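Everything on this sheet refers to the single structure shown next.
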Amino acid sequence: MLESLLRATLLGLQLGVTLALIAAGLTLIFGMMDVINFAHGALYMLGAYIGLVIADLLGSFWLALLLAPLVVGVIGAGIEIFSLRPLYGRNPLYHILLTFGLAIMAQGIIVEIWGARSRRIPAPELLSGSVSVGPVTYPVYWLFVLAFSTILIGTIWIAIERSDLGILMRASAHDTEMVDALGVDVKKVFTAVFVFGAALAAIAGVLLGASRSVHPGMGFGVIIEAFVIVVIGGLGSFKGAIYAALLIGLVIAYGALIAPALTDLFIFTLMAAVLIIKPSGLFGATEAA
Amino acid sequence: MQTSALLGTTAGIAGCLGEGDDTLTVGYVLPFTGVYSLLGDSIVNGFEMYVDEQGGEIDGQEVEFVSRDTEADTDTGVSVARELLVEAGADVLVGPVSSAVAIAMMQTVENESSAIWLNANAGDYRVVQDGCLPYHFRTSFNDWQTSAPLAPWVYENVADNIVLTYADYAFGQNSRDFFAEAFEEAGGEVVDEVTVPLGTDDFSPYMGDIEGSGADAVYSFFAGSDAVNYITQFHEFGLDEEMVQTGSGFLLDEDSLPAQGNAAVGKYSLLHYASNHERTQEFVESYREEHDETPNVYACQGYDSAQAFELAVTEGGTDPDAMVEALRGAEIDSPRGDFSFHPETNDPVQDMYVREVVEGEDGPENEIVETLETVEPPTWGCSLD
């Protein structure tokens, strides 16, 4: 029992931090740009597929982890500049429809290029096998994912809280017009945030692509969880996304322990409960609006 | 796929216009989009490869193909089937992939009674139990075949106790039931079962339960990306060292093995197809030449559907009842091995292969450990003869 609990906790945390990587970008993009980005799951999936190609060509997982986010970042810049930017200031519905369309297009392109077979990015030799964590046998690779994602998320958190760029980002999210009036090119900040979000999703894609299968439906599954996290954490709140991601990760892991078929029910019940008690989410800032 | 679907449509309209023509119309009721598109495409590839080998003609008649996407949805499947039968004047329906679609289509096929139906995949036993329809011929398998016959083999060769793990939907549940029953009948004990929702990416929460069952072996039903995730994570969690993995052949098939990699090695599964069977080689080579990949079981099912169609037309023309007569109990020279239609159910009676994944030259591959010859499936009360 204790063993199952410990395993589920490790697992929930690992799942939580990887979900945080995805949800962080989603919430920043929403917070700053008011864009509900349904294409975010597609960027995660693109990260995995591009990682697959790089790992195949260069024979290195590490280069895939480094380069795939850069490539996806460039694609993200293209998406932001050429498709999202012309629609700023309009009803958010335009962005929802646009990004949903982009997600479907991405899936079509992926099936066309790579086919519908499931694939997997080979994990590095160095991280193969499993180790004992107390009474639990746990794969080395998964511990690596846990550590890597935690460090990355922690670094980003500190950067957003402390650095000038982070202050600028938070300020832009809070009051775009004021920042614009102060002479900052908000357009560039928007592009940068979108690129950053896309790259984070791609990192998650490569990380998970080595322990889960890479397949054309992977983007749609993850986007629902990511949106639930963003809503629970409070729309646009980075801190909220992290807490909510860990919470959802643990709910999924414990849920699978108690009643696997009901995991989705637990997740949405949690979301409903949070929204009833605190309609703006855990760290939502309704008063700022 | 879009283009070929479009070409199919034009060919279908042309076929309609030429009344009393001497062309044959094949109607594909298959998924060409979404997660099951891989299966739909493979079935079409197999079917058309056989027709191409006959110079594009069957019994001296040209063949036209009309493709309709079922989207693996029951309502769409029914309307697609009706459209193909009524408007396109199909002489044969090929498909579907999903058993839910097959069960939904049944009434329509029976009402129209205008064509034979070659079920190139949908394997739920209830298609036969509930339908028991003379026009329905299964060129694929039924879910009893890919689970039950493995049980006595596992009991004799692997372990006398087992934990069952399966994807929680009709196919997974049927596989569990059939296996458990046969395993207990053989004298074995099912110590536990672990149910996993269909479409799970992360199997690690279930690994503890599997390990905790203390069983010496596992029998599983998972397919597609579930199979890749399950096998990979089973290996990552070190369960290979504690128990022997067995399962239906879909767990370790040609589509999943490349992604599963070394994690698949040493695992056993049962299927009606093995791409390294002597008899299959010719089929595998010509398929590879055309599509640059090892044909999967679905391609073989498509290929055999075309063979069945040829046999039906050669002996029965285009009269559906004469075609049914021609196919009843017929044998087909299948690349998969011995194959004939059961005279009571029109289900396949075929060789089943116990396969072990071994390290091949180009990565892991299935090696036949034992051939279970022409395994006779149950009839579930269906009696067409």
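The values are calculated or read from the model by the stated rules, or taken from the named source; none is laboratory data. It should be emphasised that the depicted structure is a prediction, and the values quoted were computed from it without experimental measurement. When we count neighbours, we look across all protein chains shown, and the Cβ atoms used for this are built from the backbone with ideal geometry, even at glycine. Please note that ligands, DNA and RNA were not included when accessible areas were found on the heavy atoms of the full protein model with its side chains. Shrake-Rupley method; radii C 1.70, N 1.55, O 1.52, S 1.80 Å.
Here are the numbers for the structure shown:
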read-out: Electrostatic dipole magnitude of the range B:217-317 [Cβ: Lys, Arg +1; Asp, Glu -1; Cα centre; debye, to 20]; value: 280 debye
read-out: Heavy atoms of B:Thr33: accessible area, 1.4 Å probe, square angstrom to 10; value: 70 Å²
read-out: Sequence-distant lysines (8 or more away, or on other chains) whose Cα lies within less than 27 Å of A:Lys187; value: A:Lys239
read-out: Sum of -39500 (n - 2.57) over DSSP H runs of 4+, divided by residues of the protein assembly as shown (222 nm, nearest 500); value: -17500 deg cm²/dmol
read-out: Kirkwood-based shape ratio for the range B:177-238, expressed as Rg/Rh from alpha carbons; value: 0.98
read-out: Space enclosed by the convex hull of the alpha-carbon atoms of chain A, per residue, Å³; value: 138 Å³
read-out: Under the Karplus curve 6.51 cos²θ - 1.76 cosθ + 1.60, θ = phi - 60°, whole-Hz ³J(HN,Hα) for the range B:32-46, x wherever Gly or Pro sits; value: 10, 10, x, 5, 8, 4, 4, 5, x, 4, 5, 4, 4, 4, x
read-out: Relative contact order [Cα under 8 Å, 6+ residues apart], the range A:38-102, whole percent; value: 37 percent
read-out: Equivalent ellipsoid semi-axes - Cα gyration tensor, the range B:193-278, angstrom; value: 21, 14, 12
read-out: Dimensions in Å of chain B - Rg and Dmax from alpha carbons; value: 20.5, 66
read-out: Unit Cα scatterers, Debye sum, the range B:219-267: log10 I(q)/I(0) for q = 0.13, 0.14, 0.30 Å⁻¹; value: -0.22, -0.26, -1.27
read-out: Amide hydrogen neighbours beyond the local backbone of B:Val63, cut-off 5 Å, H modeled; value: B:Leu24, B:Ile58
read-out: Charge-dipole axis of the range B:249-317 as Lys and Arg at +1 and Asp and Glu at -1 on Cβ define it, positive-most pick from B:Ala274, B:Asn296, B:Phe250; value: B:Phe250
read-out: For the range A:52-133, size of Cβ-based charge dipole, Lys and Arg +1, Asp and Glu -1, in debye; value: 200 debye
read-out: Kirkwood Rh in Å, taken over all unlike Cα pairs in the range B:327-385; value: 13.1 Å
read-out: Shielding of B:194-207 by partner chains, average beta-carbon count, 10 Å; value: 6
read-out: Loop-located GluC sites (Glu not before Pro) in the range B:268-367, at most 12 other Cβ atoms within 10 Å (DSSP); value: B:Glu361
read-out: 10 Å Cβ neighbours from other chains, averaged over peptide A:215-221; value: 4
read-out: Relative contact order, percent, the range B:119-271 [alpha-carbon distance under 8 Å, six or more residues apart]; value: 22 percent
read-out: All-pairs Cα distance distribution in the range A:83-234, expressed in whole percent, bin size 10 Å; value: 8, 27, 33, 22, 8, 1
read-out: Rounded to whole Hz, the Karplus (6.51, -1.76, 1.60) HN-Hα couplings of the range A:152-168, x for glycine and proline; value: 4, 5, x, 4, 4, 4, 4, 4, 5, 6, 10, 6, 4, 4, x, 4, 4
read-out: Electrostatic dipole magnitude of chain B [Cβ: Lys, Arg +1; Asp, Glu -1; Cα centre; debye, to 20]; value: 700 debye
read-out: Order by protection proxy (mean Cβ within 10 Å, highest first), peptides B:371-382, A:186-197, A:211-222; value: A:211-222, A:186-197, B:371-382
read-out: The range A:113-176: Rg to Rh, with Rh as the Kirkwood radius over Cα pairs; value: 1.23
read-out: Peptide A:129-142, shielding by other chains (average Cβ, 10 Å cutoff); value: 3
read-out: Sorted peptide list for A:122-129, A:18-25, B:254-261, criterion being average Cβ within 10 angstrom, highest first; value: A:18-25, B:254-261, A:122-129
read-out: Computed over chain B: relative contact order in percent, which uses C-alpha pairs under 8 Å that are six or more apart; value: 16 percent
read-out: Ellipsoid equivalent to the range A:9-83 - semi-axes via the Cα gyration tensor, in Å; value: 23, 20, 8
read-out: For the range A:1-152, alpha-carbon Rg relative to the globular expectation (2.2 N^0.38 Å, N residues); value: 1.23
read-out: Solvent-accessible area of A:Thr155 with every protein chain in place, 1.4 Å probe, in Å² to the nearest 10; value: 80 Å²
read-out: Sum of side-chain charges, B:Tyr298 neighbourhood, beta-carbon under 14 Å (Lys, Arg +1; Asp, Glu -1); value: -4
read-out: DSSP bridge orientation in chain B - percent antiparallel, rounded to nearest 5; value: 40 percent
read-out: Gyration tensor verdict on the range B:258-324 (Cα atoms; rounded if a/c is under 1.5, prolate if a/b is larger than b/c, oblate otherwise); value: prolate
read-out: Ranked by how many other beta carbons lie within 10 Å on average, peptides B:36-44, A:235-243, A:275-283 from highest; value: B:36-44, A:235-243, A:275-283
read-out: Percent of C-alpha pairs per 5 Å bin, the range B:25-108, short to long; value: 3, 16, 26, 23, 17, 10, 4, 0
read-out: Principal semi-axes in Å for the range B:119-235 [√(5λ), Cα gyration tensor, largest first]; value: 26, 19, 11
read-out: Leading residue at positive end of dipole, chain A (Cβ point charges), from A:Ile110, A:Phe196, A:Trp157; value: A:Ile110
read-out: Convex hull (Cα only) mean projected area of the range A:44-113, reported in nm² to one decimal; value: 5.0 nm²
read-out: Stokes-Einstein diffusion coefficient of the range B:55-175, Kirkwood radius over Cα pairs, 10 °C, 1.306 mPa s, in µm²/s; value: 98 µm²/s
read-out: For the range A:240-289, the spread of Cα positions along each principal axis, largest first, Å; value: 40, 20, 11
read-out: Relative frequency of Cα-Cα separations exceeding 36 Å in the protein assembly as shown, percent; value: 44 percent
